[in-house]
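The values are calculated or read from the model by the stated rules, or taken from the named source; none is laboratory data. On a predicted model such as this, the values are computed, not experimentally measured, just so you know. Please note: Cβ atoms are built from the backbone with ideal geometry, for glycine as well, and neighbour counts cover all protein chains shown.
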Amino acid sequence: MKKKPAVQEFSSLYEYFEAIPDEAAAIAYFRAIRWKNGEFCPHCGHDKIYGFSDGKTWKCAQCRQRFSIRVGTIFEDSKIELRKWFAAIWLITSHRKGVASTTLARDLKVTQKTAWFMLHRLRHAARTRSFNRPLHGIVEADEGYFGGKERNKHREKRGKTKKVVAIGLVERGGELRVKPITTTGQMKDEVLANVKPGSKLMTDEATVFIGLDTRFVHGTVNHSRGQYGDGGETHTNSIEGVWALIKRQIYGIHHFVSAKHLDRYLAEIMWRYNRRDMPDAQRLGDLLKWSDGRLTYAALIGKA
């Protein structure tokens, strides 16, 4: 019986480079995570595969296809070594406000275009496929707007682009859910779909939340009148803090995010927020667990 490679532990980027000094070590690290429950063929799923002496490729006993550990993942067809990919994961998962493509390009010695594509592949892995449970306890809901201020735009562009609306739902001390929506009218549907009936729901005075008191214990604050809480549990400070964090990343780190890709950036932020108590090395390994599934450049830019 073949011995499975062990998942190495490290607590800093320096320790990471010491623990994974070359591509062979990176492959072994990825194997330990991707094949934790047993080896399999990415083409047909068969569980009997044979390794070649190069230590980089395998062959399926059933479909006879030859493949590398990258096949069927976000790393497929990438010429960037896995060691650099994992360093990029460390940076995007350990920095609270993410990392800019220009910064990543300089740190990894790749082009800015390559770094931009790498980050979007990692955001593709970080997207939430499904949630394990509805939010409960005390949940705050609010809308956020993205698109920049009109006075900061060139004169010929003013009034031509609308702000993108997103809904945020955060369970105090728990999970965050945030996503772009087409209209504010969708907000009530998102609350009903994500929050357990009977929970305490905290919102502002927006009319879109009217009627939710039939399903939740609904508390509101009137921001237009300068009210931000009642001195107790009725406030929306948690979700306001989330919006501040998101906007510091989008406007402070990236400076501009198109409406087309906003959902990817929000997915990254939500993934990292929901693992805020996890050690850095565990976050790296956790993202690698979700690395199945390709994202081509053509699909990313809308030409697939």
Inset, instruction - Find the residue count for the stretch 109-147, including only residues that are hydroxyl-bearing (Ser, Thr, Tyr) and free of Cβ contacts under 8 Å to residues at least 24 places away in the same chain. - result: 3
Inset, instruction - Could you look through the stretch 254-280, keep only residues that are more than 24 Å from Ala299 (Cβ to Cβ) and assigned to a helix (DSSP H, G or I), and pick out the one that is farthest from the chain's Cα centre (by Cα)? - result: Asp280
Inset, instruction - State which residue pairs qualify: first residue modelled with pLDDT under 95 and inside the stretch 225-240, second residue of a type outside the set (Gly, Ala, Ser) and in a helix (DSSP H, G or I) in any location, beta carbons under 8 Å apart, and separation of 6 or more residues or different chains. - result: Tyr228/Asn237; Gly229/Asn237
Legend entry - Subset of the stretch 132-152 (residues that are at pLDDT below 95, assigned to a loop (DSSP other than H, G, I, E, B) and under 25 Å from the mean Cα position of the chain (by Cα)): Asn132, Arg133, Gly147, Gly148
Legend entry - Criterion: at pLDDT below 85 and touching a Phe, Trp or Tyr at 6+ places or on another chain (Cβ under 9 Å) - qualifying residue of Arg129, Arg177, Arg155: Arg129
Inset, instruction - Check whether at least one residue in the stretch 10-20 is farther than 30 Å from Ile246 by Cα, at pLDDT below 95 and surrounded by fewer than 19 Cβ atoms within 10 Å (Cβ to Cβ), and report yes or no. - result: yes
Inset, instruction - Give the residue, chosen from Val99, Val71, that is part of a loop (DSSP other than H, G, I, E, B), surrounded by 19 or more Cβ atoms within 10 Å (Cβ to Cβ) and modelled with pLDDT of 95 or more. - result: Val99
